[in-house]
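Written out below as structure tokens is the structure these notes cover.
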Amino acid sequence: MNLTLDIWRQKNTDTKGAFKTYAISNISEDMSFLEMLDVLNEQLVEKGEDPVHFDHDCREGICGSCNLFINGRAHGPNIKTAACQLHMRSFSDGDNITIEPWRASAFPVIKDLVVNRGAFDRIIQAGGYVSVNTGGVPDANEIPISKVKADQAFDSATCIACGACVAACKNASAMLFVSAKVSQLALLPQGQVERKTRVERMVAQMDAEGFGACTNTGACSIECPVGISQDNIARMNREYYSAKAKSDNLE
Amino acid sequence: MLLNSKIPEGPLTDKWTKHKFNIKLVNPANKRKYDIIVVGTGLAGASASASLAELGYNVKAFCFHDSPRRAHSIAAQGGINAAKNYQNDGDSVFRLFYDTIKGGDYRSREANVYRLAQVSVNIIDQCVAQGVPFAREYGGLLANRSFGGAQVSRTFYARGQTGQQLLLGAYSALSRQVANGKVQIFPRTEMLDLVKIDGKARGIVTRNLITGKIESHSAHAVILATGGYGNVFFLSTNAMGSNTTAAWRAHKRGALFANPCFTQIHPTCIPVSGDHQSKLTLMSESLRNDGRVWVPKAKGDKRKAKDIPDNERDYFLERKYPSFGNLVPRDVASRNAKEACDEGRGVGPTGLAVYLDFRDAIQRDGKNTIEAKYGNLFEMYEKITGQNPYEMPMMIYPAIHYTMGGLWVDYNLMTNIPGLYATGECNFSDHGANRLGASALMQGLADGYFVISYTIGDYLASIPIERINNDHPAFKEAEANVAGIITKLLIIKGTRTVDSFHKELGKVMWDYCGMARNAKGLKFAKEKIREIRAEFWNNVNVVGENEELNQTLEKALRVSDFLELGELMIDDALNREESCGGHFREEYQTEEGEAKRDDENFSYVAAWEYTGDNQPEALHKEALEFENVKLTQRSYK
Ligand SMILES: Cc1cc2nc3c(=O)[nH]c(=O)nc-3n(C[C@H](O)[C@H](O)[C@H](O)COP(=O)(O)OP(=O)(O)OC[C@H]3O[C@@H](n4cnc5c(N)ncnc54)[C@H](O)[C@@H]3O)c2cc1C
Ligand code: FES
């Protein structure tokens, strides 16, 4: 198939970016979306032009590196599909495809489609863990956990931290990301001891990073490539208010 | 050079306990005076960084990813082994040890493997304490499955995303230490050289991938946890960025590279669909627990799978290996699939695929049960191929997956360069000539949580506490070396893209140093690689500059190292005139076409020493001694 691509090009954080149009032909429907970009980049390099920079690594929807805003949607047209899992059979000959980076002030553009998502790491550093050192922990089967709870915790734990939730949200809120980690640990017995301080700290860091407020539009969950549910946000709100209510927690 | 594996004396079962008692300790008050560099934040690197920081050392952790959580470990699917014997099915530390040694076709060290089996149980405890949501039974206890040819159920798993959950556990421990100020993280930073002072590893030189700045970092010890080199084949199941650069640059500074030709080919990957293919996707091996592998009996049978009646199907693994059936080890399963395709019985548009069929399992257990077990894998398959595996069998073909070879390390995980350690897939240590399923995660975490935290203290306690400034001439020399390589690449401005060279190299490696190898092919490949390398340095086109995010330059640096490593792999494969595990030399096979080892002449670790650009490498041999297992011809009949 033959396609027209409008791609956001931006030299670096301090330079203004703009769309540039590229025509590309002979794209097979078995190609992945990123392979289509590989083809474009090979052609650009052959012409001595700088290829389109984008983050990617696993190319199977698990590392959370890829972050393309395709035709106005985070990760493109298919639900529960990361950009790297998208295949060209989802497009048709003659299509015009717009490709942009995540747009959020907490995710500054580094170059072209590559953004800085360091804010997510800092939110986890604020409390997204159970404080255990290596060694000296109980035997694994001394902590029985109901399968239902374990499965729920697992569902929350599958977040890949790609940032699609932020990109999809008109307020650029990071609530889905933060609530997924808060939920996972709030559901598990291991997470109980630090349950209150964790949610307070993580939310405080989220606010400090400049993410927007949540107005429950649900776009985050719809665009999430691994289907993290909006229930996590409700749970985090409960966790947060109950922590705040008896704030014996933060200094 | 004398290779001293430093295996402790005494009976196998006591070695590690005794060793931990005998090694020197660093005084707790002094730990904060030592700096440790950890390159890599996958399972091996993140676990080591967190554990060392918890002990009080200052850790600097580096990764080329934008976040430590994106390391290739995140993609591991099937599970992690541990000798817990929770299922009461006869597992034990000794059995896990034995299976690993045998599975590795007797080309690994008994002492290392035994220790691995011992600490495997602690790993599960640790991960559960961190909140890793492993699969559970209704009673609330942990579930297990049997995996990759094991006859006991010792594999712990978190649906098909075990690597993700384990890595996120290690990443959370790491993040906690960042918050505590004990770990400093350098994301999007690539190590490009190792710095040695007085023969000891004292730091690294890195490139900031956003600004291009070349920087020096000094420390008392350096740990490389930079993963495997499967991407030398271009197409593999590894993440796109996985590379050999850190290990290779250390090799060029004197670290020995062991058993480079031991690479693992995984039998269940989605077949190649065309020239555009950028990587291959693994379908977890756990699928072989319920899926049956077959091809049509007749050559060139183009009927749809469902139109081929049972008596015209060849379930070749079940036929040839009645006791292990579809669960034979990876090397055996892969080779048999290749054979079937070579005979013209392959399926799919390219003929390079075999079926993995769930029809019978679905009939037996119901669609819901199969979905609960493999739902996400089936979804993944459908996303990539557009085909529904509940209705038609999957098509699979072997692909490069894992590299058993790597930097040579002793029992303490130290390379032959004092103060330089290698952990996880980056070292060669525990899997011999073939790794069992679910054992890489185990090894990475064993190394990082439970081994290096002890053994590094022994070394640190023996060296002066003074820091070395990073303006020492050795750092300047390494910086100049790195800058020189980059400049050289940028000025060529030839006519071919980096990827075109990488693909060309990959094809040579796959054709001549892949599933089956022979002397003639290997010699041809060696010449070919030299030609490709020469052309690369004359005709590659690296656009852009150093002082910016430049993914073309990143790739070029990595490919330049693959072009050298590839030749060493060929040399190693040529040298090893036997077949063992993943290394199948066509000249050395049994009458039934199975791998034929030569224990008399090749029961050693081949450790290669770099001797200069375009010079033949020097081979050093570490003899393998087996006191606790009897060497047998592996048989899975
Ligand atoms: C698809 C797939 C499925 C798998 N499934 C399983 C399984 O079910 N069970 C199992 O046991 N094993 C499995 N494996 C194998 C296992 O995942 C890997 O062997 C293991 O995760 C490697 O971990 P590591 O920490 O050694 O390296 P990696 O996870 O590869 O981490 C390497 C790290 O080093 C960094 N790095 C590399 N080079 C540099 C450099 N020059 N400078 C700075 N940083 C650098 C990277 O950024 C990264 O952080 C699987 C592998 C694949 C490909
Ligand atoms: S590249 Fe890893 S999720 Fe897309």
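The values are calculated or read from the model by the stated rules, or taken from the named source; none is laboratory data. This one's a predicted model, so the numbers in the text were calculated from it and none came from an experiment. All Cβ positions, even for glycine, are placed from backbone atoms using ideal geometry, and neighbour counts span all protein chains on display. Keep in mind that these areas ignore ligands, DNA and RNA; they rest on the heavy atoms of the full protein, side chains included. Shrake-Rupley method; radii C 1.70, N 1.55, O 1.52, S 1.80 Å.
A few notes on this one:
- Counting Cβ atoms of other protein chains within 10 Å of each residue's Cβ and taking the mean over peptide B:137-148 gives 3.
- Only Cα sites of chain A enter the Debye sum here, all with the same form factor; the resulting log10 I(q)/I(0) across q = 0.10, 0.16 1/Å is -0.55, -1.12, listed in q order.
- Our helix-only sum for chain B, with -39,500 (n - 2.57) per DSSP H run of n ≥ 4 divided by its residues, gives a mean residue ellipticity at 222 nm of -11500 deg cm²/dmol.
- Under 9 Å, Cβ to Cβ, from B:Tyr411 - net charge with Lys/Arg +1 and Asp/Glu -1: +3
- Considering only alpha-carbon pairs that sit under 8 angstrom and 6 or more positions apart, the relative contact order computed for chain B is 20 percent.
- The fraction of accessible area contributed by carbon and sulfur in the protein assembly as shown is 49 percent, rounded to a whole number (1.4 Å probe; ligands and nucleic acids excluded).
- Kirkwood analysis of segment A:117-245, using all unique Cα-Cα pairs, places the hydrodynamic radius at 15.0 Å.
- Rolling a 1.4 Å probe over the protein heavy atoms gives segment B:266-401 an accessible area of 40 Å² per residue.
- Charge dipole magnitude, Cβ of K and R +1, D and E -1 - chain B, Cα centre, debye nearest 20: 920
- Spin-label pair A:Lys16-B:Leu2: with each label point 7 Å from Cα along the Cα-Cβ axis, the two points sit 7.1 nm from one another.
- Computed [θ] at 222 nm, helices only, for chain A once each DSSP H run of length n ≥ 4 contributes -39500 (n - 2.57): -10000 deg cm²/dmol
- Efficiency of FRET from Cβ geometry, B:Phe94 and B:Ile463, R₀ 45 Å, rounded to 0.05: 0.75
- Straight-distance crosslink candidates among lysines, where the alpha carbon sits under 21 Å from B:Lys507 and sequence neighbours closer than 8 are dropped: B:Lys279, B:Lys338, B:Lys520, B:Lys523, B:Lys526, B:Lys528, B:Lys555
- Centroid-to-centroid separation of segment B:66-108 and segment B:443-493 [C-alpha atoms, Å]: 29
- Computed on the Cα trace of segment B:266-401, the radius of gyration divided by the Kirkwood hydrodynamic radius gives Rg/Rh = 0.93.
- Net charge, B:Asp290 excluded, C-beta distance under 14 Å - Lys, Arg +1, Asp, Glu -1: +1
- Cα-based values for segment B:13-144, radius of gyration first and Dmax second, are 17.4, 49 Å.
- Chains A and B together bury some 6100 Å² of accessible area, summed over both sides, with a 1.4 Å probe.
- Averaged over the residues of A:88-94, the number of partner chain Cβ atoms lying within 10 Å of the residue Cβ comes to 1.
- Once the mean of 1/r is taken over each pair of separate Cα atoms and inverted, chain B shows a Kirkwood hydrodynamic radius of 24.8 Å.
- Reduced Cα scattering model of segment B:348-401, Debye log10 I(q)/I(0), q = 0.23, 0.24, 0.29 Å⁻¹: -0.94, -1.00, -1.23
- With a cut-off of 10 Å between beta carbons, the residues surrounding A:Gln152 carry a summed charge of 0, where Lys and Arg count +1 and Asp and Glu -1.
- What the Cα atoms of segment A:1-128 give is an Rg and a Dmax of 14.9, 49 Å.
- Segment B:319-394 versus segment A:83-118: alpha-carbon centroid distance in Å: 34
- Positive-end residue, chain B charge dipole about Cα centroid, Cβ charges, pick of B:Ala516, B:Pro418, B:Ala44: B:Ala44
- Peptides B:76-82, B:236-242, B:18-24 ranked from most to least packed, by the mean per-residue count of other Cβ atoms within 10 Å: B:76-82, B:236-242, B:18-24.
- Across every pair of non-identical alpha carbons in the protein assembly as shown, the mean reciprocal distance, once inverted, gives a Kirkwood radius of 27.5 Å.
- Helix A:175-187 axis, angle to chain A major axis (alpha carbon atoms, nearest 10°): 40
- Summed over the residues of segment B:473-594 and divided among them, the accessible surface reaches 38 Å² per residue at a probe radius of 1.4 Å.
- Other protein chain Cβ atoms within 10 Å, averaged over every residue that makes up B:174-181: 5
- 0 to 90° range, to nearest 10: angle between helix B:519-539 axis and chain B longest Cα axis: 50
- Alpha carbon centroid spacing (whole Å) that separates segment B:498-531 from segment B:155-196: 34
- Assigned charges on the beta-carbon of Lys, Arg, Asp, Glu; segment A:48-173 dipole about Cα centre (debye): 420
- Alpha-carbon radius of gyration plus Dmax, which is the widest Cα pair, for segment B:473-594 in Å: 17.8, 59
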